[in-house]
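Undergrad: Attaching a single structure in structure tokens format; questions to follow.
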Amino acid sequence: MIWGDYYNPDTRVLLAVLKMAEVPFEQVMMNTLANEHKDPKIGYNQVNPSGQVPTVVQGMYKILGGNNAQITYLSSTHLQI
């Protein structure tokens, strides 16, 4: 599952890589300009307490941080990347 904001460049890069590699994924999009990532109803603060986007959640793993770490992780778990 990808948590992110479509207007965030890191989120767009991550989504583009997954779509180009035809990796199935779920996504939860938030508007960080409207502070949706801080809204307790959405629950993103429990996924990533720092509030940075995007975040990759795969099973019990949460990959926080920048695109490089996330794409490196995904390329090691999905051979088509």
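Undergrad: Between Lys38 and Thr77, what length comes free when the chain is fully extended (0.36 nm per residue of separation minus the Cα-Cα distance, one decimal in nm)?
TA: Full extension from Lys38 to Thr77 adds 11.1 nm.
Undergrad: For Lys38, which aspartates and glutamates qualify as cross-link partners when the Cα separation must be under 16 Å and same-chain residues fewer than eight apart are set aside?
TA: Hits, sequence-local ones excluded: Asp5.
Undergrad: Taking all protein chains in place and a 1.4 Å probe, what share, in percent, of the accessible surface of the chain do carbon and sulfur account for?
TA: 55
Undergrad: Using alpha carbons only, how many degrees (0 to 90, rounded to 10) separate the axis of helix 9-20 from the longest principal axis of the chain?
TA: Once rounded, one gets 40 degrees.
Undergrad: Now a separate question. Considering only protein heavy atoms, what per residue accessible area in square angstrom results for the chain with a 1.4 angstrom probe? Don't skip to the end; give the middle numbers.
TA: On the way: 5160 Å² over 81 residues.
For the chain, the per-residue accessible area is 64 Å².
Undergrad: Within the chain, list the GluC sites (Glu not before Pro) lying in a DSSP loop whose Cβ has at most 16 other Cβ atoms in a 10 Å radius.
TA: Glu22, Glu26
The values are calculated or read from the model by the stated rules, or taken from the named source; none is laboratory data. Quantities reported herein were computed from a predicted structural model and do not represent experimental measurements. Every residue, glycine among them, receives a Cβ derived from its backbone with ideal geometry; neighbour counts consider all protein chains shown. All accessible areas refer to the heavy atoms of the entire protein, side chains included, with ligands and DNA or RNA removed. Shrake-Rupley method; radii C 1.70, N 1.55, O 1.52, S 1.80 Å.
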